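Take a look at the structure set out below.
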Amino acid sequence: MGKYVGILKERRPAILTRELYERHIAYLQDTSNRGALVLVGPLKDQDRVLQIIQADTRETAETILTEDPFVSQGYFGAYELYELMESNAANNWLRDTPRVQEMLRNL
């Protein structure tokens, strides 16, 4: 299972309605309850929102992202999606990964 970072952008405020907002919140609650939404929130002083999604594949993460009513109804006109290489104590801060090993060899 991987983690994916979604960035919602190109906000279109004229599209926002109370009903759309409530559907978005209900979707976030449901996605969180299923264990697929790790973190979500707007970026301070930005018109962008960050979502961290836990999913088996990029395709699944993209489906979760695009089924959010804020995306599917066009409140956010675009998004970016990236797989996160989580660095933590459990994986030795990525020291043992091929990517980091190659980077260190080239120093």
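Bear in mind that the values in this text are calculations on the coordinates, not laboratory data. From a predicted model like this one, the values you see are computed outputs, not experimental measurements. Note: ideal-geometry Cβ built from the backbone for every residue, glycine included; neighbour counts use all protein chains shown.
The table that follows gives values for the structure above.
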| read-out | value |
| --- | --- |
| Mean residue ellipticity (222 nm) of the chain, computed from DSSP H runs ≥ 4 via -39,500 (n - 2.57), nearest 500 | -10000 deg cm²/dmol |
| Among THR66, VAL100, HIS24 the positive-end extreme of the charge dipole of the stretch 16-107 (Cβ point charges) | VAL100 |
| Neighbour-count order for ILE53, ILE7, ILE15, fewest beta carbons within 10 angstrom listed first | ILE15, ILE7, ILE53 |
| Cβ charges +1 (Lys, Arg) and -1 (Asp, Glu), total dipole of the chain, debye | 260 debye |
| For P(r) over Cα pairs in 10 Å bins from 0, in percent, calculated from these coordinates, the label among (1) 11, 13, 13, 13, 11, 10, 8, 7, 6, 5, 2; (2) 14, 40, 27, 14, 5, 0; (3) 15, 53, 31, 1 | (2) |
| Inter-label distance for VAL100 and GLU10, nm, one decimal - labels placed 7 Å from Cα along Cα-to-Cβ | 3.6 nm |
| C-alpha center-to-center spacing [the stretch 1-55, the stretch 72-86] in angstrom | 9 Å |
| Qualifying GluC sites (Glu not before Pro) in the stretch 1-73, DSSP loop, other Cβ atoms within 10 Å at most 15 | GLU67 |
